[in-house]
1. Go through the range B:160-191 residue by residue and tally those that are more than 24 Å from B:ALA103 (Cα to Cα) and open to solvent by 70 Å² or more (accessible area, probe 1.4 Å).
2. For the range A:465-480, give me each residue that is under 28 Å from A:ASN435 (Cβ atoms) and part of a helix (DSSP H, G or I).
3. Cβ-Cβ under 9 Å, sequence separation 6+ or interchain: first residue in the range A:423-449 and closer than 16 Å to A:ASP507 by Cα and aliphatic (A, V, I, L, M), partner part of a loop (DSSP other than H, G, I, E, B) and open to solvent by 70 Å² or more (accessible area, probe 1.4 Å). Which pairs?
4. Mind telling me which of the residues B:LEU384, B:LEU390 ends up being in contact (Cβ under 8 Å) with a residue 24 or more places away in the chain and surrounded by fewer than 19 Cβ atoms within 10 Å (Cβ to Cβ)?
5. Out of A:THR99, A:THR88, A:THR54, I need the residue that is in contact with a helix residue (DSSP H, G or I) (Cβ under 6 Å, 6 or more places away or on another chain), outside any helix (DSSP H, G or I) and at pLDDT 90 or above. Which one?
6. Looking for whichever is out of contact with any Cys (no Cβ under 7 Å at 6 or more places or on another chain) and within 14 Å of chain B (Cβ to nearest Cβ) here; the options are A:THR496, A:THR416, A:THR407, A:THR473. Which one fits?
7. Take the residues in the range B:149-176 that are of a type in the set (D, E, K, R) and assigned to a helix (DSSP H, G or I); name whichever of them is farthest from B:ARG220 (Cα to Cα).
8. What residue, among those in the range B:33-81 that are open to solvent by 40 Å² or more (accessible area, probe 1.4 Å) and of a type in the set (Gly, Ala, Ser), is farthest from the other protein chains (Cβ to nearest Cβ)?
Number of protein chains: 2
Amino acid sequence: MKRISLVMASGLVAVVAACHGTAPRNETTDAIVEQLQQSALASDAAWEILASLTSEVGPRMAGTPADKLAVRWAVKKMRDLGFDRVWTEPVKFPRWVRTSESAQVFYSVPREPLADDASEMEKRYYNKVRLRKPVGQPLAITALGGSPTTNGRLEAELVQFDTLAALEAASMEDVQNKIVFLSTRMPKTRAGTGYRKTVINRSRGPFVAAEKGALALLIRSVGTDNDRLPHTGMMSGTESGERVPAAAVSNPDADNLMVMLAGEEPVVVRMNLDVGFLVDEYVENSTEEFTEGTSAEATSFNVIGEFDGSADLTEFLLLGAHLDSWDLGTGAIDDGAGVALVMASAKMIADLPVRPRYGVRVVLYANEEQGVYGGKAYAKLHQLELDSHLIGAESDLGADRIYSFRTRVLPQAEPTIAQLARHLGKLGIERDETNLAGGGADVGQMRKLGMPVIDLRQDASRYFDLHHTANDTLDKVKPESLRQNLAAWVTFIYLTANSVAEFGPVDPSD
Amino acid sequence: MKRISLVMASGLVAVVAACHGTAPRNETTDAIVEQLQQSALASDAAWEILASLTSEVGPRMAGTPADKLAVRWAVKKMRDLGFDRVWTEPVKFPRWVRTSESAQVFYSVPREPLADDASEMEKRYYNKVRLRKPVGQPLAITALGGSPTTNGRLEAELVQFDTLAALEAASMEDVQNKIVFLSTRMPKTRAGTGYRKTVINRSRGPFVAAEKGALALLIRSVGTDNDRLPHTGMMSGTESGERVPAAAVSNPDADNLMVMLAGEEPVVVRMNLDVGFLVDEYVENSTEEFTEGTSAEATSFNVIGEFDGSADLTEFLLLGAHLDSWDLGTGAIDDGAGVALVMASAKMIADLPVRPRYGVRVVLYANEEQGVYGGKAYAKLHQLELDSHLIGAESDLGADRIYSFRTRVLPQAEPTIAQLARHLGKLGIERDETNLAGGGADVGQMRKLGMPVIDLRQDASRYFDLHHTANDTLDKVKPESLRQNLAAWVTFIYLTANSVAEFGPVDPSD
């Protein structure tokens, strides 16, 4: 079987007819894949990369010094692992900073004096317990990415809505000059489908609250845990339009607010968010165009490493994960695990006595969290090389077991996909035949141009307990699950990088 | 059967021979207890008190305005519940304050420039990622109660020990001018027995570290969870002797430190604890004697309420829990649940058509957390009334199911205890026959004088996940477990308050 590749690079279009040798016999391939899986299931390679990242760098929010440190770490790690080429590509984005954030709630009922029939003894002691001012409870909050500052202390009554739709339906009078509280709870599912339903509170809430005349927004964390650790995340950062200062409260705090709101007294919240984009112009009129060198613009880097294949071919697999994390945790599951998996699996394949025909390109994307800046920059820079991207995959949903995979490939790739399904089945991974894989936030930017992709889908039941919180740390990663992931990745890489199938281009329209 | 009671109060010793009527027939008692259990298992009474406390007051560290609010709340709640008498008794203690606390760890390996053979492209981008100063990771810490201040920023290399014994065995040279890290992990057990083994790091560690010339102490949290929520708690607060500033790191942070410490680079920690007793004299030479009215001395109150029994008797049951909490959570499991249970169970008994013979005294103790000040003050004030205290019990280990009970009573009380065992057995509660009940931290102060006690022992498996952390919130309490607790408490109260047995005095010597 022959493969015709269209390589378009640097404005130069070259047509190369490459006649590849025969693929290894299936029995040989099966034996190699089985050996790879066994090695991966006994390997600490991904764990060691992940532990290195979380201990030596830790939190690495885009645009911070720790983000720079992460880029240095990644370049050095790729070199140490023996990648054939390592380079970086700049990624620019507006600089959002979190300096401090705090909130208290005031809801103290028993302020009235004792009843008239109180004994003298009661009155005596009770009067000793004077309170000069209201006593607040601290709330565990974190500002949403993209939030403007409160300009110091902001205090107002809380008005609660079950959903964003309920807020949209509310009258201005009910919301004006209040702090809106959106209390929608995210449901827990294996596929993480509850996220899409509730994340709209975070992405759209600050804009809707502003339209209604609110002073600020509190949302129940978009997360499935019951810890006093709020979930941060971006509001629709690149969108123009007025937004209010906005923060997430932890689920236990949200529950506590609901108890208070069921009472008869007003619930008053005091917030102080010292956060924001470094120039207000950005907030009010975002264009995604920034002047080079201003402090309001930050630069980070996509870090890219390649291992060559055994044949002299232009095409390669694109393996992606994002290097940045939010600032609250150490970014172990989001997305240190992905970083470790794509690096470790590429390395395992490169260390084979005979490498597969195609090479692999590992891309560690910059600033996924604040708007997929790295993924978009990569797609823009490499769009003319689209046809060199044989197939892509991304790891960005934690480190729990992969339970399913799905593709977006041409029908003629079916023999290879069937072979992949057979081998992944041994790892407990079922095939989803919809052929509607998305490719992930970053790698998916190339899929939108027509690059075929495969999704190796992780169990997300636990992911949204930890996602974007201080609890995203190494101890949450189960070594045996990480190994199962690694086994799936080497299986995918080996079989596709040795395949003579045409996977794409796929229809970029949907 | 007759009962002879010695009532000693206010310096006056009176001998009262009280001849009680016959106890209700067993069948009647059984029917009443069964009805009480059914009511309790369907009751939200404890939950409502607990939700009121956690929403209207929340965190209530001893000596804070919130502690005063809690006293007001408790007096009002007891009055609202219809207690026959409500009063307060002052409790004084040194004022320890937590103003702010933070720490960072510095452990960044890849500071060296790229290798000489780096490509021009690599060098160009890598050099762009300059770091002007070391990048630290924030540590989730909380100061230990009783800690002195660091007087601003304190920075030193970390030296780790597996146990306090290992620190004690270390040479001065290894510890001097460093920050000690005690990494002992608390094991999880149903009876909470791992606590005693590891809490010594917290209570004694700061003193041992000072002896060895350390600058400060970090301990792995005395807790069984994996959340970024450190566990606070008191060092041996009333002990004189030099101590270093001390804080607990969360378990995930401790794990992260262990990864760093396994590396080759030094691990440097920067701490800033703005905490301490309000006068240093206290720290250096504690005497438990304080001048009335100084700001270094705080006053709180034991809040006490009584329901009378049906007979005109001087004796009563002592039901205790502590009203104060640490400042990080809302004190739902420690000890809001206990407060709710003793109030709700006393109320259920008082609402019976015919009350049992003896009355109940509910004591909500002040400042248990910082040194059992309320329990000790109560025992001191009421020691001459010892014989009025028929039997005592305390609830202070959360709100999970009671699985066992044990007593410390005279052998002649066996018929009542056997009856109690039979009824508690219906709630899944087994009898521990050791007869070595402790009575709890506060109520146990009277046990040490000879008062008989019963321990209703809760499953503590989950308790030390939450204990003394921000995660101690209402959502952690399972309504059905709280109801089972309530059913056990009303069973205990009814059967002992209607008994003609002599439970004590018990031997105070052990």
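The values are calculated or read from the model by the stated rules, or taken from the named source; none is laboratory data. Keep in mind that this is a model prediction, so the values were computed, not measured. Cβ atoms come from the backbone with ideal geometry, glycine included; neighbour counts cover every protein chain shown. Ligands, DNA and RNA are excluded from the accessible area calculation, which covers all protein heavy atoms including side chains. Shrake-Rupley method; radii C 1.70, N 1.55, O 1.52, S 1.80 Å.
1. 6
2. Of everything in the range A:465-480, nothing turns out to be under 28 Å from A:ASN435 (Cβ atoms) and part of a helix (DSSP H, G or I).
3. Matching pairs, first to second residue: A:LEU436/A:ASP510; A:LEU449/A:PRO505.
4. From the options B:LEU384, B:LEU390, the qualifying one is B:LEU384.
5. Values: A:THR99 fails: in contact with a helix residue (DSSP H, G or I) (Cβ under 6 Å, 6 or more places away or on another chain); A:THR54 fails: outside any helix (DSSP H, G or I).
Selected residue: A:THR88, the only one of A:THR99, A:THR88, A:THR54 that is in contact with a helix residue (DSSP H, G or I) (Cβ under 6 Å, 6 or more places away or on another chain), outside any helix (DSSP H, G or I) and at pLDDT 90 or above.
6. A:THR473
7. B:GLU173
8. Checking each candidate, the answer is B:SER39.
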